[in-house]
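Just so it is clear, none of the values below were taken in a lab; they were calculated from the coordinates. Model, not experiment: these values are computed from the prediction. Glycine gets a Cβ as well: all are built from the backbone with ideal geometry, and neighbour counts include every protein chain shown.
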Amino acid sequence: MSADQKTILFAAGGTGGHVIPAFVLASEIREKHPEYRCVFVGVKGKFEEQWIPARGFDVELLDMQGVKSGSIGKRLSGLLKLPNAFMKSKKVLDQYKPERVFGIGGYSSGPIMLLASLRGIPCAIIEPNAAPGLSNKILAKFVKRVYVVFAWANRYFPSKKVRNYGHLIRKSIFAVQPPSEKTAMKTVTILGGSQGSMQVNDVFCTMLEQNINELKDKITVIHQTGSRDYAHIAERYQSINVTSTVQPFFDDVEAIYGRTHLIIARSGSSVLEFAAVAIASILIPLSIAADNHQVENAKVLVATQGAIMIEEKDLTPALLFEKIQSMLNIDPSQYREQLQTLRKENAVQEIMEDFLQL
């Protein structure tokens, strides 16, 4: 760090859905405004611990966990870790003396965003979901700006603080062209999020095993399993007679989108990436997601007719097979234009410019 550089802290951690948008904004600032040093604040043992340093950014790690969901024991454990998380956040603020702080929501952003706001440091948050989480609802009372991705979420925040620019999506994604619909073989991609989804993995593989004669000459599969389930799912594919690419996580998501006709995924804020590329999707919201935000996100895409939603309680191999057949037979012209109404190509630039002027 040079002597004349100013520091921006990015409070983002836990999952790729929180970390990657922050990385997109930090990368834009690093490129356009080298007078700033961008440092991340995340959580020990989570996605950001390895992923962020590998991309050239420093990261400070808090030892904490959520307090709103999970078993009583897990919530109690989360509460007991809060004092130390606040103490570490204070040390980080004292060490870096940031000029401003940007938060992506989730429990990991709470302590440092709150302390920074109380110190009078200009702070902003982005709410990437249609239904805001508890942390952002609280932090909105203290920060200077709230960037809202889904217009549905506007009602939860003070109107004078809200800006609707869109989500922090990589420029390279907007350049992706979806594959030709005229090909005989269609590519189905399963994206369970950065951590993967064991339930979605299992149901999809079972569906393939039960319907392989019907599908083997119609689809190829790209499957992001998450690290926990990778070995097990990769082994299952060895006995499934279908062309497949199976990995724990795909960094080259643009290449994946460029090959994909249908996505099967959870419905975190990353749904806006494949909406921007106008790829049809089957969305399976995580039932324990805070504030039911994944269901609300899915509803936004379903309204474009470019997606359908299957709730976890209804998910079976038979229903998934039925919906895959249905979605692969839809004429893309029926939904592409509507999906792309969610495409906001200038969002990163507009958020950056506004944030740096706070």
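What value, in deg cm²/dmol to 500, does the helix sum -39500 (n - 2.57) over DSSP H runs of n ≥ 4 give at 222 nm once divided by the residues of the chain?
The helix contribution divided over the chain gives -11000 deg cm²/dmol.
Starting from 0.36 nm per residue, how many nanometres of slack lie between Gln50 and Ile212 once their C-alpha separation is accounted for?
54.6 nm
For Thr304, what residues show an amide H to amide H distance below 5 Å, using hydrogens built from the backbone and excluding near sequence neighbours?
Residues meeting the criterion, in which the H sits 1.01 Å from N, do not exist here.
Go through the range 159-170 residue by residue and turn each phi into a ³J(HN,Hα) via Karplus (6.51, -1.76, 1.60, θ = phi - 60°); whole Hz please, and just put x for glycine and proline.
For the range 159-170, the Karplus curve yields 4, 5, 8, 7, 10, 10, 10, x, 9, 8, 10, 4 Hz.
In whole Å, what are the Cα extents of the range 1-49 along the three principal axes, biggest one first?
Its Cα atoms span 32, 18, 12 Å along the three principal axes.
Mean-square fluctuation check for the chain, GNM, Cα pairs under 10 Å: which of Leu76, Leu139, Leu25 is largest?
Taking springs between Cα atoms under 10 Å, the residue moving most is Leu76.
Which ³J(HN,Hα) values in Hz, rounded to whole numbers, follow from the phi angles of the range 45-52 under the Karplus curve 6.51 cos²θ - 1.76 cosθ + 1.60, where θ = phi - 60° and Gly and Pro get x?
x, 9, 3, 6, 4, 9, 5, 5
Say R0 is 35 Å: what FRET efficiency, to the nearest 0.05, do Asp63 and Lys160 get from their beta-carbon distance?
0.45
Between Met185 and Glu311, how many nm apart are label points set 7 Å from Cα along the C-beta direction?
Modelled inter-label distance: 3.8 nm.
5 Å is the cut-off here: which amide hydrogens, built 1.01 Å from N in the peptide plane, fall below it relative to Lys186, excluding neighbours closer than 5 in sequence?
Residues meeting the amide H criterion: Ile219, Thr220.
Report the gain in length on full extension from Ala255 to Leu356: 0.36 nm times residue separation, minus Cα-Cα distance, nm rounded to one decimal.
Here the segment from Ala255 to Leu356 would lengthen by 33.2 nm.
Among (i) 57, 45, 39; (ii) 63, 43, 39; (iii) 69, 49, 44, which is the computed Cα extents along the principal axes in Å?
The calculated read-out lines up with (ii).
Rg and Dmax of the range 173-342, using alpha carbons, in Å: what are they?
14.7, 41
Kirkwood hydrodynamic radius, computed over distinct alpha-carbon pairs, for the range 174-219: how many Å, to one decimal?
Computed over Cα pairs of the range 174-219, the Kirkwood hydrodynamic radius comes out at 12.7 Å.
How many angstrom lie between the C-alpha centres of the range 201-260 and the range 78-140?
Comparing the Cα centres of the range 201-260 and the range 78-140, I get a distance of 38 Å.
Taking the C-alpha atoms of the range 6-164, how large are the radius of gyration and the largest Cα-Cα span, Dmax, in Å?
Using the Cα atoms of the range 6-164, the pair Rg, Dmax is 14.8, 46 Å.
Can you give me the long-range amide H partners of Ile264? Hydrogens built in the peptide plane at 1.01 Å from N, cutoff under 5 Å, separation of 5 or more residues or another chain.
Distant-sequence amide H within range of Ile264: Thr189, Ile190, Leu191, Ile282.
What does the charge count near Gly166 come to, summing +1 for each Lys or Arg and -1 for each Asp or Glu among other residues with Cβ under 11 Å from its Cβ?
+1
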